[in-house]
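Remarks on the structure that follows.
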Amino acid sequence: MENTKQMRSWLDDMNLDHPLVIAGPCSAETEEQVMGIANSLKDTDVNYYRAGIWKPRTRPGNFEGVGALGLKWLQKVKKETGMKTATEVANRAHVELALEHDIDLLWIGARSTVSPFIVQEIADALEGTDKVVLIKNPVNPDLSLWLGAVERLHTANVKKLGVIHRGFSTYEKSKYRNIPEWQLAIDLQTRFPDLPVINDPSHITGKRDMIFDVSQTALDLNFDGLMIETHHDPDNAWSDAAQQVTPDRLKQIMRDLRIRKESSPETEYNTKLSNLRAQIDVLDNQIIETMGKRMKISDGIGGLKKERNVAVLQSTRWNEILGAMILEGETKGLSEEFILKLFKAIHQESINHQEKVING
Ligand code: PEP
Ligand code: MN
(Lines give C-alpha, C1' and ligand atoms only; values in the text may rest on other atoms or scores of the structure.)
(Ligands and ions follow the chains in the order given, each with its own letter.)
Protein backbone atom coordinates (compact mmCIF):
# COMPACT_ATOMS: atom_id res chain seq x y z
CA MET A 1 0.00 0.00 0.00
CA GLU A 2 1.30 3.43 -0.91
CA ASN A 3 0.50 6.81 0.52
CA THR A 4 -0.39 5.41 3.90
CA LYS A 5 0.40 8.77 5.53
CA GLN A 6 -2.87 10.29 4.38
CA MET A 7 -4.85 7.43 5.96
CA ARG A 8 -4.51 9.12 9.35
CA SER A 9 -5.04 12.72 8.28
CA TRP A 10 -8.69 12.58 9.43
CA LEU A 11 -7.44 11.78 12.93
CA ASP A 12 -4.51 14.20 12.96
CA ASP A 13 -6.80 16.99 11.73
CA MET A 14 -8.96 16.54 14.83
CA ASN A 15 -6.01 17.71 16.95
CA LEU A 16 -7.20 15.79 19.98
CA ASP A 17 -5.44 16.04 23.33
CA HIS A 18 -6.81 12.61 24.30
CA PRO A 19 -7.29 9.29 22.49
CA LEU A 20 -10.15 9.17 19.99
CA VAL A 21 -13.30 7.94 21.73
CA ILE A 22 -16.16 6.15 20.01
CA ALA A 23 -18.97 5.32 22.43
CA GLY A 24 -22.65 4.46 22.42
CA PRO A 25 -24.83 1.36 22.66
CA CYS A 26 -24.11 -1.97 21.04
CA SER A 27 -27.53 -1.67 19.35
CA ALA A 28 -29.92 1.16 18.71
CA GLU A 29 -33.09 -0.08 20.44
CA THR A 30 -35.59 2.79 20.58
CA GLU A 31 -35.46 6.48 19.76
CA GLU A 32 -35.62 7.32 23.50
CA GLN A 33 -32.73 4.97 24.29
CA VAL A 34 -30.54 6.36 21.48
CA MET A 35 -31.29 9.99 22.41
CA GLY A 36 -31.01 9.37 26.16
CA ILE A 37 -27.54 7.87 25.97
CA ALA A 38 -26.42 10.49 23.47
CA ASN A 39 -27.50 13.32 25.75
CA SER A 40 -25.46 11.82 28.61
CA LEU A 41 -22.39 11.66 26.37
CA LYS A 42 -22.74 15.19 25.02
CA ASP A 43 -19.90 17.54 26.09
CA THR A 44 -17.58 14.68 27.08
CA ASP A 45 -14.47 13.35 25.34
CA VAL A 46 -16.67 11.22 23.05
CA ASN A 47 -15.90 12.06 19.43
CA TYR A 48 -18.17 9.62 17.63
CA TYR A 49 -21.49 8.21 18.81
CA ARG A 50 -21.86 4.57 17.82
CA ALA A 51 -24.98 2.43 17.56
CA GLY A 52 -25.46 -0.85 15.69
CA ILE A 53 -28.44 -0.70 13.34
CA TRP A 54 -27.99 -4.10 11.69
CA LYS A 55 -26.70 -6.64 14.21
CA PRO A 56 -24.76 -9.75 13.23
CA ARG A 57 -26.02 -12.35 15.71
CA THR A 58 -24.42 -15.74 16.18
CA ARG A 59 -27.77 -17.55 16.12
CA PRO A 60 -31.07 -16.66 14.43
CA GLY A 61 -34.03 -15.58 16.48
CA ASN A 62 -32.22 -12.89 18.49
CA PHE A 63 -32.70 -9.15 18.13
CA GLU A 64 -31.21 -8.31 14.74
CA GLY A 65 -31.29 -4.54 14.90
CA VAL A 66 -33.94 -1.91 14.17
CA GLY A 67 -32.75 -1.39 10.59
CA ALA A 68 -32.80 1.83 8.56
CA LEU A 69 -35.20 3.50 11.00
CA GLY A 70 -32.29 3.80 13.46
CA LEU A 71 -30.29 5.88 10.98
CA LYS A 72 -32.85 8.67 11.44
CA TRP A 73 -32.21 8.56 15.20
CA LEU A 74 -28.47 8.88 14.59
CA GLN A 75 -29.14 11.92 12.40
CA LYS A 76 -31.10 13.40 15.26
CA VAL A 77 -28.18 12.68 17.63
CA LYS A 78 -25.84 14.64 15.36
CA LYS A 79 -28.28 17.53 15.08
CA GLU A 80 -29.03 17.77 18.79
CA THR A 81 -25.66 16.96 20.39
CA GLY A 82 -23.08 17.83 17.73
CA MET A 83 -21.45 14.41 18.08
CA LYS A 84 -20.45 12.67 14.88
CA THR A 85 -22.11 9.30 14.22
CA ALA A 86 -20.90 5.76 13.52
CA THR A 87 -22.49 2.45 12.58
CA GLU A 88 -21.61 -0.98 11.18
CA VAL A 89 -22.23 -1.81 7.53
CA ALA A 90 -22.16 -5.36 6.17
CA ASN A 91 -23.33 -5.10 2.54
CA ARG A 92 -23.98 -2.68 -0.33
CA ALA A 93 -27.51 -1.85 0.81
CA HIS A 94 -26.26 -0.90 4.28
CA VAL A 95 -23.57 1.34 2.78
CA GLU A 96 -26.04 3.11 0.52
CA LEU A 97 -28.48 3.75 3.37
CA ALA A 98 -25.72 4.90 5.74
CA LEU A 99 -24.35 7.33 3.15
CA GLU A 100 -27.85 8.60 2.36
CA HIS A 101 -28.28 9.40 6.05
CA ASP A 102 -24.88 11.08 6.23
CA ILE A 103 -23.39 8.77 8.89
CA ASP A 104 -19.83 10.03 9.49
CA LEU A 105 -17.97 6.84 10.23
CA LEU A 106 -18.73 3.33 8.98
CA TRP A 107 -17.11 0.22 10.34
CA ILE A 108 -16.84 -3.26 8.93
CA GLY A 109 -17.57 -5.93 11.56
CA ALA A 110 -15.35 -8.85 12.49
CA ARG A 111 -17.63 -11.37 10.79
CA SER A 112 -17.51 -9.40 7.54
CA THR A 113 -13.74 -8.85 7.46
CA VAL A 114 -13.25 -12.62 7.09
CA SER A 115 -15.00 -12.59 3.72
CA PRO A 116 -13.13 -11.03 0.79
CA PHE A 117 -16.39 -11.10 -1.24
CA ILE A 118 -18.24 -9.02 1.36
CA VAL A 119 -15.31 -6.65 1.90
CA GLN A 120 -15.01 -6.12 -1.87
CA GLU A 121 -18.74 -5.45 -2.18
CA ILE A 122 -18.52 -2.87 0.62
CA ALA A 123 -15.36 -1.33 -0.88
CA ASP A 124 -17.08 -1.00 -4.30
CA ALA A 125 -20.11 0.63 -2.68
CA LEU A 126 -17.84 3.08 -0.81
CA GLU A 127 -15.59 3.92 -3.80
CA GLY A 128 -14.12 7.40 -3.29
CA THR A 129 -16.17 8.28 -0.19
CA ASP A 130 -14.89 10.95 2.18
CA LYS A 131 -16.40 9.18 5.21
CA VAL A 132 -14.11 7.52 7.75
CA VAL A 133 -14.03 3.73 7.36
CA LEU A 134 -12.69 1.47 10.12
CA ILE A 135 -12.07 -2.23 9.66
CA LYS A 136 -12.44 -4.57 12.61
CA ASN A 137 -10.04 -7.49 12.82
CA PRO A 138 -11.40 -10.73 11.37
CA VAL A 139 -12.65 -13.20 14.00
CA ASN A 140 -9.61 -15.40 13.31
CA PRO A 141 -6.11 -14.08 14.11
CA ASP A 142 -4.95 -13.57 10.51
CA LEU A 143 -3.01 -10.35 9.97
CA SER A 144 -2.87 -10.76 6.17
CA LEU A 145 -6.65 -11.13 5.94
CA TRP A 146 -7.09 -7.99 8.06
CA LEU A 147 -4.60 -6.01 5.98
CA GLY A 148 -6.12 -7.43 2.79
CA ALA A 149 -9.41 -5.77 3.75
CA VAL A 150 -7.62 -2.45 4.40
CA GLU A 151 -6.00 -2.79 0.99
CA ARG A 152 -9.36 -3.35 -0.75
CA LEU A 153 -10.69 -0.09 0.72
CA HIS A 154 -7.47 1.76 -0.01
CA THR A 155 -7.66 0.57 -3.64
CA ALA A 156 -11.28 1.77 -3.79
CA ASN A 157 -9.90 5.23 -3.05
CA VAL A 158 -11.27 5.43 0.48
CA LYS A 159 -8.80 7.85 2.04
CA LYS A 160 -9.82 8.09 5.69
CA LEU A 161 -9.01 4.68 7.08
CA GLY A 162 -8.26 2.89 10.32
CA VAL A 163 -8.64 -0.45 12.05
CA ILE A 164 -10.39 -1.67 15.18
CA HIS A 165 -8.79 -4.36 17.32
CA ARG A 166 -11.67 -6.35 18.91
CA GLY A 167 -9.93 -9.63 19.69
CA PHE A 168 -10.16 -13.13 18.27
CA SER A 169 -12.38 -16.19 18.74
CA THR A 170 -11.06 -19.32 20.41
CA TYR A 171 -12.67 -22.63 21.20
CA GLU A 172 -10.68 -22.79 24.41
CA LYS A 173 -12.17 -21.13 27.49
CA SER A 174 -10.47 -17.88 28.44
CA LYS A 175 -11.16 -14.93 30.72
CA TYR A 176 -11.76 -12.90 27.56
CA ARG A 177 -14.74 -13.08 25.23
CA ASN A 178 -12.28 -12.64 22.34
CA ILE A 179 -8.60 -13.04 23.18
CA PRO A 180 -6.57 -9.90 22.41
CA GLU A 181 -3.46 -11.52 20.87
CA TRP A 182 -1.75 -8.14 21.41
CA GLN A 183 1.27 -9.25 19.39
CA LEU A 184 -0.82 -9.19 16.24
CA ALA A 185 -1.84 -5.57 16.79
CA ILE A 186 1.78 -4.69 17.62
CA ASP A 187 2.96 -6.33 14.37
CA LEU A 188 0.33 -4.39 12.47
CA GLN A 189 1.55 -1.09 13.97
CA THR A 190 5.13 -1.98 13.08
CA ARG A 191 4.21 -2.66 9.46
CA PHE A 192 1.87 0.31 8.99
CA PRO A 193 2.72 2.95 11.60
CA ASP A 194 0.41 5.47 9.93
CA LEU A 195 -2.69 3.34 10.09
CA PRO A 196 -4.84 4.50 13.05
CA VAL A 197 -5.56 1.64 15.48
CA ILE A 198 -8.58 1.80 17.77
CA ASN A 199 -9.03 -0.71 20.58
CA ASP A 200 -12.46 -2.21 21.35
CA PRO A 201 -12.18 -3.44 24.96
CA SER A 202 -15.93 -4.21 25.05
CA HIS A 203 -15.80 -7.07 22.56
CA ILE A 204 -12.37 -8.24 23.79
CA THR A 205 -13.48 -8.62 27.41
CA GLY A 206 -17.20 -9.28 27.19
CA LYS A 207 -17.31 -8.05 30.81
CA ARG A 208 -17.64 -4.47 31.95
CA ASP A 209 -15.28 -4.79 34.94
CA MET A 210 -12.35 -5.73 32.70
CA ILE A 211 -12.73 -2.78 30.32
CA PHE A 212 -10.51 -0.34 32.18
CA ASP A 213 -7.46 -2.66 32.27
CA VAL A 214 -7.67 -3.59 28.61
CA SER A 215 -8.08 0.09 27.66
CA GLN A 216 -5.00 1.00 29.69
CA THR A 217 -2.92 -1.73 28.01
CA ALA A 218 -4.07 -0.45 24.62
CA LEU A 219 -3.01 3.12 25.45
CA ASP A 220 0.34 1.87 26.76
CA LEU A 221 0.78 0.13 23.41
CA ASN A 222 0.22 3.45 21.60
CA PHE A 223 -3.25 2.75 20.27
CA ASP A 224 -4.94 5.87 18.82
CA GLY A 225 -8.31 5.44 20.43
CA LEU A 226 -11.02 3.36 22.09
CA MET A 227 -14.46 2.13 21.12
CA ILE A 228 -16.47 1.43 24.26
CA GLU A 229 -20.07 0.21 24.26
CA THR A 230 -22.15 2.45 26.51
CA HIS A 231 -25.76 2.02 27.60
CA HIS A 232 -27.88 3.81 30.22
CA ASP A 233 -29.27 0.44 31.46
CA PRO A 234 -26.62 -2.13 30.49
CA ASP A 235 -28.22 -5.12 32.22
CA ASN A 236 -31.36 -4.72 30.16
CA ALA A 237 -29.62 -4.01 26.84
CA TRP A 238 -31.03 -5.96 23.89
CA SER A 239 -27.54 -7.17 22.92
CA ASP A 240 -24.17 -7.52 24.69
CA ALA A 241 -25.62 -6.69 28.12
CA ALA A 242 -22.65 -7.94 30.20
CA GLN A 243 -20.05 -5.75 28.54
CA GLN A 244 -21.74 -2.34 28.30
CA VAL A 245 -20.92 0.43 30.77
CA THR A 246 -23.05 3.35 31.86
CA PRO A 247 -22.23 6.88 30.63
CA ASP A 248 -21.04 7.74 34.16
CA ARG A 249 -18.70 4.77 34.27
CA LEU A 250 -17.36 5.73 30.84
CA LYS A 251 -16.56 9.22 32.08
CA GLN A 252 -14.81 7.73 35.12
CA ILE A 253 -12.77 5.41 32.88
CA MET A 254 -11.71 8.35 30.72
CA ARG A 255 -10.66 10.30 33.83
CA ASP A 256 -8.65 7.41 35.29
CA LEU A 257 -6.78 6.27 32.18
CA ARG A 258 -3.14 7.30 32.10
CA ILE A 259 -2.73 9.11 28.82
CA ARG A 260 0.65 10.18 27.56
CA LYS A 261 0.64 12.38 24.52
CA GLU A 262 2.91 15.39 24.98
CA SER A 263 6.31 15.05 23.38
CA SER A 264 9.09 16.38 25.56
CA PRO A 265 12.20 14.16 25.56
CA GLU A 266 11.18 13.03 29.05
CA THR A 267 7.67 11.96 28.00
CA GLU A 268 9.03 10.33 24.85
CA TYR A 269 11.25 8.21 27.06
CA ASN A 270 8.29 7.35 29.30
CA THR A 271 6.07 6.51 26.35
CA LYS A 272 8.68 4.19 24.88
CA LEU A 273 9.31 2.59 28.24
CA SER A 274 5.65 1.95 28.99
CA ASN A 275 5.16 0.60 25.48
CA LEU A 276 7.96 -1.91 25.98
CA ARG A 277 6.69 -2.77 29.45
CA ALA A 278 3.22 -3.40 28.10
CA GLN A 279 4.73 -5.82 25.56
CA ILE A 280 6.53 -7.60 28.40
CA ASP A 281 3.32 -7.80 30.44
CA VAL A 282 1.60 -9.41 27.47
CA LEU A 283 4.35 -12.03 27.16
CA ASP A 284 4.50 -12.69 30.92
CA ASN A 285 0.78 -13.39 30.90
CA GLN A 286 1.29 -15.80 28.03
CA ILE A 287 4.03 -17.59 30.00
CA ILE A 288 1.67 -18.09 32.97
CA GLU A 289 -1.14 -19.20 30.67
CA THR A 290 1.19 -21.73 28.99
CA MET A 291 2.50 -23.02 32.32
CA GLY A 292 -1.06 -23.52 33.54
CA LYS A 293 -1.84 -25.55 30.42
CA ARG A 294 1.34 -27.57 30.79
CA MET A 295 0.53 -28.51 34.39
CA LYS A 296 -3.02 -29.55 33.40
CA ILE A 297 -1.43 -32.01 30.97
CA SER A 298 0.87 -33.20 33.76
CA ASP A 299 -2.23 -33.89 35.87
CA GLY A 300 -3.51 -36.06 33.01
CA ILE A 301 -0.23 -37.97 32.89
CA GLY A 302 -0.42 -38.37 36.68
CA GLY A 303 -3.85 -39.96 36.24
CA LEU A 304 -2.52 -42.43 33.67
CA LYS A 305 0.47 -43.35 35.83
CA LYS A 306 -1.84 -43.91 38.79
CA GLU A 307 -4.01 -46.33 36.79
CA ARG A 308 -0.93 -48.33 35.78
CA ASN A 309 0.89 -47.88 39.07
CA VAL A 310 3.94 -46.35 37.33
CA ALA A 311 6.54 -44.16 39.11
CA VAL A 312 6.23 -40.38 38.72
CA LEU A 313 9.87 -39.77 37.88
CA GLN A 314 10.97 -41.11 34.47
CA SER A 315 14.59 -39.94 34.21
CA THR A 316 15.27 -40.98 30.59
CA ARG A 317 12.34 -38.96 29.36
CA TRP A 318 13.41 -36.01 31.52
CA ASN A 319 17.00 -36.05 30.21
CA GLU A 320 15.69 -36.07 26.64
CA ILE A 321 13.54 -33.01 27.31
CA LEU A 322 16.39 -31.15 28.97
CA GLY A 323 18.83 -31.87 26.13
CA ALA A 324 16.34 -30.76 23.50
CA MET A 325 15.47 -27.56 25.39
CA ILE A 326 19.13 -26.60 25.88
CA LEU A 327 19.67 -26.82 22.11
CA GLU A 328 16.43 -24.92 21.39
CA GLY A 329 17.37 -22.27 23.95
CA GLU A 330 20.72 -21.76 22.31
CA THR A 331 19.00 -20.79 19.02
CA LYS A 332 17.11 -18.07 20.96
CA GLY A 333 20.17 -16.72 22.74
CA LEU A 334 19.31 -18.33 26.12
CA SER A 335 22.16 -19.70 28.23
CA GLU A 336 22.39 -23.35 29.27
CA GLU A 337 22.46 -22.25 32.89
CA PHE A 338 19.16 -20.42 32.51
CA ILE A 339 17.45 -23.30 30.68
CA LEU A 340 18.60 -25.74 33.37
CA LYS A 341 17.21 -23.56 36.16
CA LEU A 342 13.97 -22.87 34.31
CA PHE A 343 13.27 -26.49 33.44
CA LYS A 344 14.25 -27.79 36.84
CA ALA A 345 11.60 -25.50 38.30
CA ILE A 346 9.04 -26.58 35.72
CA HIS A 347 9.88 -30.23 36.28
CA GLN A 348 9.52 -29.89 40.04
CA GLU A 349 6.12 -28.24 39.70
CA SER A 350 5.08 -31.00 37.33
CA ILE A 351 6.18 -33.70 39.79
CA ASN A 352 4.25 -31.94 42.57
CA HIS A 353 1.14 -31.91 40.39
CA GLN A 354 1.47 -35.59 39.49
CA GLU A 355 2.11 -36.61 43.07
CA LYS A 356 -1.01 -34.80 44.14
CA VAL A 357 -3.02 -36.74 41.56
CA ILE A 358 -1.45 -40.08 42.46
CA ASN A 359 -1.63 -39.71 46.24
CA GLY A 360 -4.57 -37.37 46.54
C1 PEP B 1 -20.28 -4.37 17.51
O2 PEP B 1 -19.38 -3.52 17.49
O3 PEP B 1 -21.35 -4.23 18.09
C4 PEP B 1 -20.01 -5.69 16.88
C5 PEP B 1 -20.98 -6.47 16.44
O6 PEP B 1 -18.72 -5.97 16.86
P7 PEP B 1 -17.85 -7.17 16.24
O8 PEP B 1 -17.97 -7.08 14.76
O9 PEP B 1 -16.50 -6.82 16.76
O10 PEP B 1 -18.37 -8.46 16.82
MN1 MN C 1 -21.72 -5.38 20.58
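What to note about this one:
- Taken together, the residues in the stretch 226-240 that are away from ligand 1 (no atom under 14 Å from the Cβ) and open to solvent by less than 20 Å² (accessible area, probe 1.4 Å) amount to 0.
- Considering only residues in the stretch 32-71 that are of a type in the set (D, E, K, R) and free of Cβ contacts under 8 Å to residues at least 40 places away in the same chain, the one that is farthest from L99 (Cα to Cα) turns out to be R59.
- Any hit, the stretch 39-52, residues being over 21 Å from the mean Cα position of the chain (by Cα) and modelled with pLDDT under 95: yes
- Checking each residue in the stretch 11-31 for being in contact (Cβ under 8 Å) with a residue 12 or more places away in the chain and at positive phi picks out only G24.
- Among the conditions (1) touching a His at 6+ places or on another chain (Cβ under 6 Å); (2) of a type in the set (A, V, I, L, M); (3) not in a helix (DSSP H, G or I), the only one that M295 does not satisfy is (3).
- Every residue from the stretch 89-108 that is part of a loop (DSSP other than H, G, I, E, B) and either open to solvent by less than 50 Å² (accessible area, probe 1.4 Å) or within 21 Å of S239 (Cβ to Cβ) (or both): V89, A90, N91, H101, I103, D104
- Some residue of the stretch 249-258 being within 16 Å of ligand 2 (Cβ to nearest atom) and open to solvent by less than 80 Å² (accessible area, probe 1.4 Å): yes
- Close contacts from the stretch 189-209, counting a first residue that is under 13 Å from M7 (Cβ atoms) and aromatic (F, W, Y) and a second that is part of a helix (DSSP H, G or I) and more than 11 Å from ligand 1 (Cβ to nearest atom), with Cβ to Cβ under 7 Å and a gap of 6+ residues or different chains, come to F192/T4.
- For the stretch 64-88, the candidate set comprises residues that are open to solvent by 50 Å² or more (accessible area, probe 1.4 Å) and in a loop (DSSP other than H, G, I, E, B); within that set, the residue that is nearest to S27 (Cα to Cα) is E64.
- Strands (runs of 3 or more DSSP E) lying entirely in the stretch 109-211 (those with 1 or more residues that are more than 16 Å from ligand 1 (Cβ to nearest atom) and either of a type outside the set (K, R) or in the same structural domain as I288 (by TED's automatic domain parsing) (or both)): 161-165
- One residue stands out in the stretch 264-284 among those that are open to solvent by 60 Å² or more (accessible area, probe 1.4 Å) and touching a helix residue (DSSP H, G or I) at 6+ places or on another chain (Cβ under 9 Å): the one that is farthest from Y176 (Cα to Cα), namely R277.
- Condition met for V197 (more than 20 Å from L41 (Cβ to Cβ) and either open to solvent by 10 Å² or more (accessible area, probe 1.4 Å) or among the β-branched types (V, I, T) (or both)): yes
- If you go through the stretch 164-200 and keep only what is touching a Ser or Thr at 6+ places or on another chain (Cβ under 9 Å) and within 16 Å of W107 (Cα to Cα), you end up with R166, G167, L195, N199.
- Checking A311 against (1) open to solvent by 60 Å² or more (accessible area, probe 1.4 Å); (2) among the aliphatic types (A, V, I, L, M); (3) not in a loop (DSSP other than H, G, I, E, B), the condition it does not meet: (3)
- Failed criterion for M14 (all others in (1) within 16 Å of V132 (Cβ to Cβ); (2) outside any strand (DSSP E or B); (3) within 16 Å of ligand 1 (Cβ to nearest atom) hold): (3)
- Among residues of the stretch 240-281, those that are at pLDDT below 95, polar (S, T, N, Q) and not in a loop (DSSP other than H, G, I, E, B), counted: 6
- Unmet criterion (only one of (1) within 24 Å of D12 (Cα to Cα); (2) of a type in the set (V, I, T); (3) surrounded by 20 or more Cβ atoms within 10 Å (Cβ to Cβ)) for I53: (1)
- Whichever residue in the stretch 212-221 is away from ligand 2 (no atom under 16 Å from the Cβ), assigned to a helix (DSSP H, G or I) and among the hydrophobic types (A, V, I, L, M, F, W, C) and, among such residues, is farthest from G292 (Cα to Cα): L219
The values are calculated or read from the model by the stated rules, or taken from the named source; none is laboratory data. Everything numeric here is computed off the predicted structure, so don't read it as measured data. Positions of Cβ are generated from backbone atoms using ideal geometry, with glycine treated the same way; all protein chains shown enter the neighbour counts. Just so you know, the surface numbers come from the protein's heavy atoms only, side chains and all, with ligands and any DNA or RNA stripped out. Shrake-Rupley method; radii C 1.70, N 1.55, O 1.52, S 1.80 Å.
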